[in-house]
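Quick notes on the structure that follows.
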């Protein structure tokens, strides 16, 4: 089973990359779970036709009892992908990372993975802060591999470096390891050169190079991934190639 956490600076395109990767796996016939680990709870919206799933933390605030089944806190999206969002606290109150920890504990109680038996689990994680709850996917062993999304922008690369350093600390304890970088292009001057220099210094592979694409924007306006809405476009091809690469790597481990 592929258990992959996708990190990166806020606003860098993690959710776009995660959802398109999930859709690519699903199109290949894989059973996929995508768990959004961000208080914004918008990770899975483009797998669900633009209609969001109720986040777990919202459910817990609105009900006296915990859910009795996974179905109460999830929706099935494109290609049968099971979509879950952790959500977060009431704005201005509480710790956002706590929502991730609470959700993971609940999913264990509901025996999600035993019942659903996925081929692929993707965690879309806010990457500006790699501590506490936001480190749970890698610290608690839910994910075994990490992809870092970055552009050539200075602050995106700064965040990518922090994330890589944090994951390496966990790697020493036999937790997750960084599988590579997704270059999500933003038309920055000398962008490829900057990202390749960072990757070489960090000893990381650029696992995918996603072009800046109007197809992505157009599809997201329709509540879709490019895998669903524009399967013949270059961006869809790159996400499909990344999914195939990850599947091949999983076979060889």
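Every number in this text was worked out from the coordinates using simple rules, so none of it is lab data. A quick note: this is a predicted structure, and the numbers were derived from the prediction, not measured. Cβ coordinates were reconstructed from backbone atoms using ideal geometry, including for glycine residues, and neighbour counts include every protein chain displayed.
Summary of packing: across the peptides 152-161, 211-220, 32-41, the per-residue average of other C-beta atoms within 10 Å ranks them, highest first, as 32-41, 152-161, 211-220. Compared with the dominant Cα axis of the chain, that is its longest principal axis, helix 96-109 is turned about 60°. Computed extension gain for residue 62 through residue 114, at 0.36 nm per residue and net of the alpha carbon distance, reaches 16.0 nm. Rounded to the nearest 10 degrees, the angle from helix 154-171 to the longest Cα principal axis of the chain is 60 degrees.
Taking a ≥ b ≥ c as the square roots of the eigenvalues of the alpha-carbon gyration tensor, segment 1-94 is classed oblate because a/c is 1.5 or more while a/b is no larger than b/c. Rounded to the nearest 10 degrees, the angle from helix 234-251 to the longest Cα principal axis of the chain is 70 degrees. Legend: ranking of residues 104, 134, 239 from fewest to most surrounding C-beta atoms inside 10 Å; resulting order 104, 134, 239. Taking every DSSP helix (H) stretch of at least 4 residues in the chain, weighting each as -39,500 (n - 2.57) and dividing the sum by the residue count yields a mean residue ellipticity at 222 nm of -12000 deg cm²/dmol.
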